[in-house]
1. Separation between the Ala260 and Leu161 pseudo-spin-labels, each 7 Å from Cα along Cα→Cβ, expressed in nm?
2. Tell me the carbon and sulfur percent of the accessible area for region 20-68, rounded to whole percent, probe radius 1.4 Å.
3. Apply 1/(1 + (r/R0)^6) to the Cβ-Cβ distance of Gln76 and Gln189, taking R0 = 41 Å, and write down the FRET efficiency to the nearest 0.05.
4. For helix 188-204, what angle does its Cα long axis make with the longest principal axis of the chain, in degrees from 0 to 90 and rounded to 10?
5. Round to the nearest 10 and give me the degree value, 0 to 90, for the angle of helix 20-40's Cα axis relative to the longest principal axis of the chain.
6. Roughly speaking, what is the stretch gain from Glu43 to Arg220, that is 0.36 nm per residue apart minus the C-alpha to C-alpha distance, in nm to one decimal?
7. Note the full-extension length gain between Arg271 and Arg21 as 0.36 nm times their separation in residues minus their Cα-Cα distance, in nm to one decimal.
8. Among His246, Ala263, Ser221, whose Cα lies farthest out toward the positive end of the dipole of region 200-274, if unit charges sit on the beta carbon of Lys, Arg (+1) and Asp, Glu (-1)?
Amino acid sequence: MSAATVTPEARLTPDARISPRAHLRHTSALVRRNLLWIRQDPESMFDAILFPIVFTLLFVYVFGGSIGQSLGGGQQAYVQYVIPGLMAMMGMNMAQGVGTGFNQDFNSGVMDRFRSLPIGRGSVLFAKIAVELLRMLFATAVLMVVAVLVGFDITNWAGLLASVGLSAVFGSALMWVFITLGVVMKNAQSVQAMGFLVLMPLQFGSSIFAPTDSMPGWLRSFTDYNPLSSLADTARGLMVGGPVTHDLWVTLGWSAALTAVMAPIAIHKFRTKS
């Protein structure tokens, strides 16, 4: 059935009437469509390439000496400290791309074309999340290459893979927040501005870049409940050694809570708008 001959009833077919197999087929086709778009527009991968390079070089060579001294080992000690934290940050930064991408699709008419096709609306959401997870994994690979070049010592490969998986779980949960922003905000600039306001306090008010021991009491109270601190500390424990259990459960709890609260809101807003 071509887009020109699709009836209004077919266009508005609810997801419940589409079989799981058809959903999977639609999602796979949309994933391929999004990957082909990246191939045609390689500049869309600049953030996945440059973020890990710039942040690693900036914090290792600008702050590594002074913060490393407080860790008792100089710059090398800071490399071992900050790389797991930056891995946790990659999932958060890549999650923002879902919101801006959705907003651009709405404003450019892409969603109008999807409406003319008998595809499940949920497939559009899950395809976007799948592609952003692939971008996050690519950014993490770039990060680890740069990390090794600046002296990071990978002593636990199983812990490294577990950290990547945990970052993907938390990143996918956070994507529902940015999907909601992408649907309700008027333009991509607004989504980016709102994302900046969300990301900056979470990133710098955490244990990603520096230990929290010297922070004021009120800020430490914030970092104790900051999911990025738990994610960074879990990754640090898995990759270089240290306690893991408490921070792991806190990270999984945050991921489950974000998904349980924000996924229904994002899906409802998306269906209402599309």
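The values are calculated or read from the model by the stated rules, or taken from the named source; none is laboratory data. Computed from a predicted model, the values in this text were never measured in an experiment. Cβ: placed from backbone, ideal geometry, glycine included. Neighbour counts: every protein chain shown. Just so you know, the surface numbers come from the protein's heavy atoms only, side chains and all, with ligands and any DNA or RNA stripped out. Shrake-Rupley method; radii C 1.70, N 1.55, O 1.52, S 1.80 Å.
1. 3.0 nm
2. Working: 2250 of 3220 Å².
Answer for region 20-68 is 70 percent, counting heavy atoms of protein chains only.
3. Values: r = 41 Å, r/R0 = 0.99.
It comes to 0.50.
4. With rounding to tens, the tilt is 30 degrees.
5. Its long axis makes an angle of about 70 degrees.
6. Working: separation 177, 0.36 × 177 = 63.72 nm, distance 3.84 nm.
Between Glu43 and Arg220, full extension yields 59.9 nm more.
7. 87.9 nm
8. Looking along the dipole axis, the top candidate is Ala263.
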